[in-house]
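One structure is given below, encoded as structure tokens.
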């Protein structure tokens, strides 16, 4: 990632990387039974992408308030509303360590704040992932037991990360 890149180039790198990493993770976890978690819905583009390709597992969305495009809005029974600092620990009681795939795109435009939040939320995400499950994140995460995997060939280093239990 070059400091001389335009914001448009950075955005394109992030989107290309996100799609490559999600497609890789979906393919690698396709034979698993556990649910898929989307942490942060936003406009719903990645949720919409995932439900096109994740066909045999439920996709749950964690979001403070749903404001997505109508075509990308999950059914109410698949939305876990609230702050992830509260909903992730509560979901451990509900789901246990069963998530086959977790995707997080929770950061904003401030790298320092993103890093601080990633450090805080990593231990809340880690116990939800099933053995063999994958976690895809737009930010570097800080896990004790998950290992970082190499990126798919079409992903741009530093723009997306993949971790496995």
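With the checklist (1) surrounded by fewer than 20 Cβ atoms within 10 Å (Cβ to Cβ); (2) more than 15 Å from the chain's Cα centre (by Cα) in hand, flag the one item residue 91 doesn't pass. So residue 91 meets the others, but not (1). Against the numbered list (1) within 25 Å of residue 109 (Cβ to Cβ); (2) modelled with pLDDT of 95 or more, residue 29 comes up short only at (1).
Exactly one residue among 96, 82, 34, 40 is on the phi < 0 side of the Ramachandran plot and surrounded by 12 or more Cβ atoms within 10 Å (Cβ to Cβ), and that residue is 34. Among the residues of the range 1-29, those identified as part of a loop (DSSP other than H, G, I, E, B) and over 20 Å from residue 163 (Cβ atoms) are 2, 3, 4, 5, 6.
Among the residues of the range 120-159, those that are more than 22 Å from residue 96 (Cα to Cα), surrounded by 14 or more Cβ atoms within 10 Å (Cβ to Cβ) and touching a residue at least 60 places away in the same chain (Cβ under 8 Å) comprise 138, 151, 152, 155, 156, 159. Within the range 57-73, is even one residue more than 13 Å from the chain's Cα centre (by Cα), in contact (Cβ under 8 Å) with a residue 12 or more places away in the chain and under 26 Å from residue 147 (Cα atoms)? Yes.
The values are calculated or read from the model by the stated rules, or taken from the named source; none is laboratory data. Please read all numbers here as calculations on a predicted model, not as lab measurements. As a convention, Cβ positions derive from the backbone with ideal geometry for all residues, glycine included, and neighbour counts pool all protein chains shown.
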